[in-house]
Amino acid sequence: MIGSVERLNPTICKLISFLLLLSLLMLDDKGELFAQDNDPGTRNLPGEYKYDAPEVWAESIVDLPASTPISNFSQYQTRSQTGFKFYVDVSSIKFGSDGVVSMSLLAVSAKGSENITYEGFRCKTGEYKLYASRWAFDDAWIPAKRASWRAINPKTPNSYRSDLMEYYICNGTLSYLDEKGLKALLKRGKMNKPGGLREREFTH
């Protein structure tokens, strides 16, 4: 038997040695991959998944605006049939980096009672949030308790929020104008959006 091995062609011996070495290298590679799969430090690395987790929306910190006189408020048209008149402090309009459009609003009843609020609007979700309110221009803001985002119902009799969203602030789920354009639109108080409400449907 030893004589037979000695008589093997040197080329064949080299080939056998190469195949043995290749087999050992492949076993080492598999062992390394197995070790990586079971190493908690190398699992769930960013970019390993085909689909990334959806981005979570983060609301920016809200700073309440300074008190302003009634002369800062401009009346805007709505479909409300409750006898209220609605105004917005154009100087308070702010477009946040989180996609929220916020502003100070004034509602005046037929008897003259006033209610001032600071509210935010999200075009993407069709929601609003009441941040704070006050009953007189000289009063301090009273932060809303348990403030949360609420869906806007366009069918309520007092539909000023729905009108603000649909005919002034938003175009679908996007902000309709930039900050400068929205301020100019609300200061004028008349919505001229194509396909929007006809003039006689507004109260002013």
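The values are calculated or read from the model by the stated rules, or taken from the named source; none is laboratory data. Worth saying up front: this structure is predicted, and the values here are computed from it rather than measured. Backbone-built Cβ (ideal geometry, glycine too); neighbour counts: all protein chains shown. All accessible areas refer to the heavy atoms of the entire protein, side chains included, with ligands and DNA or RNA removed. Shrake-Rupley method; radii C 1.70, N 1.55, O 1.52, S 1.80 Å.
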Item to complete: Find the residue count for segment 100-124, including only residues that are closer than 15 Å to ASP163 by Cα and in a loop (DSSP other than H, G, I, E, B).
Response: 1
Practice prompt. May I ask you to say which residue of ILE93, ILE116 is open to solvent by less than 30 Å² (accessible area, probe 1.4 Å) and without any contact (Cβ under 8 Å) to a residue 24 or more places away in the chain?
Written response: ILE116
Discussion item. The conditions are (1) at pLDDT below 90; (2) closer than 24 Å to LEU185 by Cα; (3) part of a loop (DSSP other than H, G, I, E, B), and TYR167 fails exactly one of them. Which is it?
Written reply: (3)
Item to complete: Any chance you could count how many residues in segment 68-84 are part of a strand (DSSP E or B) and surrounded by 18 or more Cβ atoms within 10 Å (Cβ to Cβ)?
Response: 2
Discussion item. Under 9 Å between Cβ atoms, which residue pairs at least 6 apart in sequence (or on different chains) link something in segment 141-153 that is on the phi < 0 side of the Ramachandran plot with a partner that is open to solvent by 90 Å² or more (accessible area, probe 1.4 Å)?
Written reply: ILE142/TRP135
